[in-house]
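Visitor: If you scroll down you'll find the structure; I have some questions about it.
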Amino acid sequence: MTLPSRPTGAQALIRSLELAGTEVVFGIPGGAILPAYDPLIESPVRHVLMRHEQGAGHAAEGYAHATGRPGVCFATSGPGGCNLVTALADAYMDSIPVVAITGQVPTGVIGNDAFQEADITGVTMSVTKHNRLVTRTEDIPEAVAEAFHIASTGRPGPVLVDVPKDVLIQTAPFEWPDCVDLPGYRPTTQGNRKQVREAVKLIMASQRPVLYVGGGVVRANAAADIRTLAETGRLPVVTTLMARGAFPDDHELALGMPGMHGNYTAVTAMQRSDLLIAIGARFDDRVTGNLATFAPGAKVVHVDIDPAEIGKNRAADVPIVGDAAQVTAALAADLQQALAADGPVDRSAWLAQLDEWKRGFPYRYQQDDDGPIKPQFVVERIHAATGGDATIVSGVGQHQMWASQFYRFSRPRQWINSGGLGTMGFAVPAALGAKVGRPDERVVAIDGDGCFQMTSQELATSAVEGIPIVVAIVNNGHLGMVRQWQELFYDERYSGVHLTQDVPDYVRLAEAYGAIGLRAETPADVDAVLDKALSVTDRSVVVDFRCDQGEMVFPMVPAGGSNDDIILGPEFAQPALDPAEAPIA
Ligand SMILES: Cc1ncc(C[n+]2csc(CCOP(=O)(O)OP(=O)(O)O)c2C)c(N)n1
């Protein structure tokens, strides 16, 4: 877009977005942000009109997850900005680079309880990496440049820029900053050399190491370095829920997902380990279980770009602040040298033990030909039907765990989910964002029936904007994950979890939104329905998989429990706890 010598704030905003590399904005207009929508008409930046601002935020996240570039969303003042809050909190928890632009009431009436006024910088203070109210038109380019810089450097995260309507309307000279220099904000990227050497000493001395790979590895594009490090040191690798795909599941050193619903080998390997090399991971309670009993014999090397993460939950013997890719590459190079100098470390007993656990305790489920469809079977068949090559996006709940457990991931950014905040309703809009960012990818949302109903209106966005995705609804008629807790920990006293499988009619709902609706009712239907769904490329397809309503996710470490007390499956299920002793979520 070419600018006049004194552009309006709105023109400056859109030009700044272009200069920051924005190709698409997900949003909904309104009074305060209206001026910014006008120059969008001349701009090559695509605007995707969403049906709810939460959807705009999740779509921006999905775009960022899939591409690694910041996702951008627009909302108007007051309710528009407030509707973005969940998505911003989600991006904050999962370190996703998002730039949110909100309109604000004119500067003269700020603080006046003006129509559609909300103090959105105040509201989002704790769920954004940074936010700013711009009060002068000439500051817009700098504010946008800063927002992209902060969102995408260091530990990525959401940044909100709030622009009052009069600031968008007034004119000012346009000056795009060549570089952004923020005093006090200089993320350390290169790990301390001495600490890297100390870490390598621990790796060389370790008999039972585990490379504990977190979402930061995906954010830092460090997957190739992780592979080099793992293969150099023959280090077994666990990939957390946020890191699935950062190390290929079919690799001989891959142990899969640890944590509350992780597999026995990953969980137990960490418990028995004598050295955890944590990279871009944050010792989340869903991974550690009860911290007091977590990996009791393990020393810890902790690599993170955010110094606040190191020692937060578990003390580190060797803390290394730095970029996951740079530090991992340095570790691999030093380890290579140490191995060349001192010879290989014999860890055959440990690796044999891990293999034995892998063989003895894989994820398990039973699909009977004449029984109800098992959700795990649906995920396995989606894997087969997509040749393991789709981008998988999930909602939150049981289906999320099954998707993470049973889809075999082979590359980073192939798995997109809401880990930290656990936001129901994430899948459909995030899948749309991912598809916009990677249009050549097959994008499949594996969603719960409860989650789907929170943001299903974005199917309209899909139809009108031409963004085709497949939505596989694991329809168990319940808020399944909560139902599971009530079954296990509240003596089967079900309260507020029954949705029914029939309302809404997902096939007709899909059709009403211009998508194709399909249903699978028996295991024999599953492959044919999937083939049909995946053969459609010009519109979205929603598949209603009528699944077993009582299936539970295993293994399970009850919240707050010790990872040593992992429950492997129904046949090992423990007696219901007294509700007074029920785990604290
Ligand atoms: C916005 C929001 N509200 C409530 C919850 C609590 N919660 C976690 S999982 C879950 C059930 C999800 O149900 P569904 O989408 O049907 O998935 P399922 O567990 O059955 O696979 C609920 C209510 C949440 N995570 N997010």
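Visitor: If I ask for residues that are farther than 14 Å from Tyr506 by Cβ and either hydroxyl-bearing (Ser, Thr, Tyr) or within 18 Å of the chain's Cα centre (by Cα) (or both), which ones from the range 456-468 would you list? Steps first, answer last, please.
Guide: Here is the first cut: in the range 456-468, the ones farther than 14 Å from Tyr506 by Cβ are 458, 460-468.
Hits for the range 456-468 are Thr461, Ser462.
Visitor: Restricting to the range 258-301, name every residue that is hydrophobic (A, V, I, L, M, F, W, C) and surrounded by fewer than 21 Cβ atoms within 10 Å (Cβ to Cβ).
Guide: Across the range 258-301, the qualifying residues are Leu291, Ala292, Phe294.
Visitor: Using beta carbons and a limit of 6 Å, which pairs, at least six apart or on different chains, have the first residue in the range 362-382 and under 19 Å from Arg408 (Cα atoms) and the second one open to solvent by 50 Å² or more (accessible area, probe 1.4 Å) and assigned to a loop (DSSP other than H, G, I, E, B)?
Guide: Lys374/Tyr365; Gln376/Tyr365
Visitor: Looking at (1) over 19 Å from Ala36 (Cα atoms); (2) touching a residue at least 12 places away in the same chain (Cβ under 8 Å), which is the only condition Glu117 fails?
Guide: (1)
Visitor: Determine whether the range 492-499 contains at least one residue that is touching an Asp or Glu at 6+ places or on another chain (Cβ under 9 Å) and within 14 Å of the ligand (Cβ to nearest atom).
Guide: Among the residues of the range 492-499, at least one is touching an Asp or Glu at 6+ places or on another chain (Cβ under 9 Å) and within 14 Å of the ligand (Cβ to nearest atom), which makes the answer yes.
Visitor: Right, something else. In the range 444-475, how many are closer than 28 Å to Gly387 by Cβ, within 8 Å of the ligand (Cβ to nearest atom) and out of contact with any helix residue (DSSP H, G or I) (no Cβ under 7 Å at 6 or more places or on another chain)?
Guide: Going through the range 444-475 one residue at a time, the tally reaches 1.
Visitor: Let me ask something else. Can Glu53 be described as under 15 Å from Val159 (Cα atoms), within 16 Å of the ligand (Cβ to nearest atom) and surrounded by 19 or more Cβ atoms within 10 Å (Cβ to Cβ)? Walk me through it before giving the result.
Guide: Values: under 15 Å from Val159 (Cα atoms): no; within 16 Å of the ligand (Cβ to nearest atom): yes; surrounded by 19 or more Cβ atoms within 10 Å (Cβ to Cβ): yes.
It is false that Glu53 is under 15 Å from Val159 (Cα atoms), within 16 Å of the ligand (Cβ to nearest atom) and surrounded by 19 or more Cβ atoms within 10 Å (Cβ to Cβ).
Visitor: Hey, among Ala430, Ala434, which residue is under 21 Å from Glu23 (Cβ atoms), among the hydrophobic types (A, V, I, L, M, F, W, C) and within 16 Å of the ligand (Cβ to nearest atom)? So that I can check it myself, show each step before the final result.
Guide: Values: Ala434 fails: within 16 Å of the ligand (Cβ to nearest atom).
Exactly one residue qualifies, and that residue is Ala430.
Visitor: Here's something else I'd like to know. Only residues in the range 507-536 that are within 15 Å of Glu458 (Cα to Cα) count as the first member; pair them with residues that are β-branched (Val, Ile, Thr) and modelled with pLDDT under 95, Cβ under 9 angstrom, at least 6 apart or cross-chain, and list the lot.
Guide: Final answer for the pair search is none.
Residue by residue, here is whether (1) modelled with pLDDT of 95 or more; (2) surrounded by fewer than 19 Cβ atoms within 10 Å (Cβ to Cβ); (3) of a type in the set (A, V, I, L, M); (4) in a helix (DSSP H, G or I) holds:
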{"position": "Ala341", "(1), (2), (3), (4)": "yes, yes, yes, yes"}
{"position": "Asp346", "(1), (2), (3), (4)": "yes, yes, no, no"}
{"position": "Gln353", "(1), (2), (3), (4)": "yes, yes, no, yes"}
{"position": "Glu356", "(1), (2), (3), (4)": "yes, yes, no, yes"}
{"position": "Arg359", "(1), (2), (3), (4)": "yes, yes, no, yes"}
{"position": "Gln376", "(1), (2), (3), (4)": "yes, no, no, yes"}
{"position": "Arg381", "(1), (2), (3), (4)": "yes, no, no, yes"}
{"position": "Ala384", "(1), (2), (3), (4)": "yes, yes, yes, yes"}
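Visitor: Being under 23 Å from the mean Cα position of the chain (by Cα), open to solvent by 10 Å² or more (accessible area, probe 1.4 Å) and without any contact (Cβ under 8 Å) to a residue 40 or more places away in the chain, is that true of even one residue in the range 321-338?
Guide: No: the range 321-338 contains no residue that is under 23 Å from the mean Cα position of the chain (by Cα), open to solvent by 10 Å² or more (accessible area, probe 1.4 Å) and without any contact (Cβ under 8 Å) to a residue 40 or more places away in the chain.
Visitor: Determine, yes or no, whether Asn112 is open to solvent by 10 Å² or more (accessible area, probe 1.4 Å) and either in a helix (DSSP H, G or I) or under 16 Å from Ala12 (Cβ atoms) (or both). Walk me through it before giving the result.
Guide: Numbers: open to solvent by 10 Å² or more (accessible area, probe 1.4 Å): yes; either in a helix (DSSP H, G or I) or under 16 Å from Ala12 (Cβ atoms) (or both): no.
Judged against the criteria, Asn112 is not a match.
Visitor: Being closer than 18 Å to Gly62 by Cβ, in a loop (DSSP other than H, G, I, E, B) and not hydrophobic (A, V, I, L, M, F, W, C): is that true of Pro468 here?
Guide: Values: closer than 18 Å to Gly62 by Cβ: yes; in a loop (DSSP other than H, G, I, E, B): yes; not hydrophobic (A, V, I, L, M, F, W, C): yes.
Taking the combined requirement at face value, the residue satisfies it.
Visitor: Give the range 302-317 a look and list any residue that's open to solvent by 10 Å² or more (accessible area, probe 1.4 Å) and outside any loop (DSSP other than H, G, I, E, B), or say none.
Guide: Let us first name the residues in the range 302-317 that are open to solvent by 10 Å² or more (accessible area, probe 1.4 Å), namely 304-317.
Hits for the range 302-317 are Asp304, Pro307, Ala308, Glu309.
Visitor: Further question on the same structure: Residue under question is Thr188, and the condition is that it be open to solvent by 10 Å² or more (accessible area, probe 1.4 Å), over 30 Å from Gln104 (Cβ atoms) and part of a loop (DSSP other than H, G, I, E, B); does it hold? Spell out the reasoning first.
Guide: On the way: open to solvent by 10 Å² or more (accessible area, probe 1.4 Å): yes; over 30 Å from Gln104 (Cβ atoms): yes; part of a loop (DSSP other than H, G, I, E, B): yes.
So Thr188 passes the test.
Visitor: Got a sec? Which of Gly62, Gly71, Gly27 is open to solvent by less than 10 Å² (accessible area, probe 1.4 Å) and more than 23 Å from Pro141 (Cα to Cα)?
Guide: Gly62
Visitor: Read through the list (1) farther than 30 Å from Pro4 by Cα; (2) touching a residue at least 24 places away in the same chain (Cβ under 8 Å); (3) among the acidic types (Asp, Glu), then give the number of the only condition that Glu175 fails.
Guide: Exception for Glu175: condition (1).
Visitor: Among the residues of the range 89-103, is there at least one that is open to solvent by 50 Å² or more (accessible area, probe 1.4 Å) and without any contact (Cβ under 8 Å) to a residue 24 or more places away in the chain?
Guide: Step one: of the range 89-103, the residues open to solvent by 50 Å² or more (accessible area, probe 1.4 Å) are 92-93.
Then drop every residue that is not without any contact (Cβ under 8 Å) to a residue 24 or more places away in the chain, which leaves none.
There is no residue in the range 89-103 that is open to solvent by 50 Å² or more (accessible area, probe 1.4 Å) and without any contact (Cβ under 8 Å) to a residue 24 or more places away in the chain.
Visitor: Residues in the range 15-22: is at least one under 25 Å from Ala463 (Cα atoms) and out of contact with any Asp or Glu (no Cβ under 6 Å at 6 or more places or on another chain)? Quick ask: steps written out before the conclusion?
Guide: Here is the first cut: in the range 15-22, the ones under 25 Å from Ala463 (Cα atoms) are 22.
Now restrict to residues that are out of contact with any Asp or Glu (no Cβ under 6 Å at 6 or more places or on another chain): 22.
Yes, that holds for at least one residue.
The values are calculated or read from the model by the stated rules, or taken from the named source; none is laboratory data. Keep in mind the model is a prediction, meaning the values are calculated, not measured. Note: ideal-geometry Cβ built from the backbone for every residue, glycine included; neighbour counts use all protein chains shown. The area values use the complete protein model at the heavy-atom level, side chains included, leaving out ligands, DNA and RNA. Shrake-Rupley method; radii C 1.70, N 1.55, O 1.52, S 1.80 Å.
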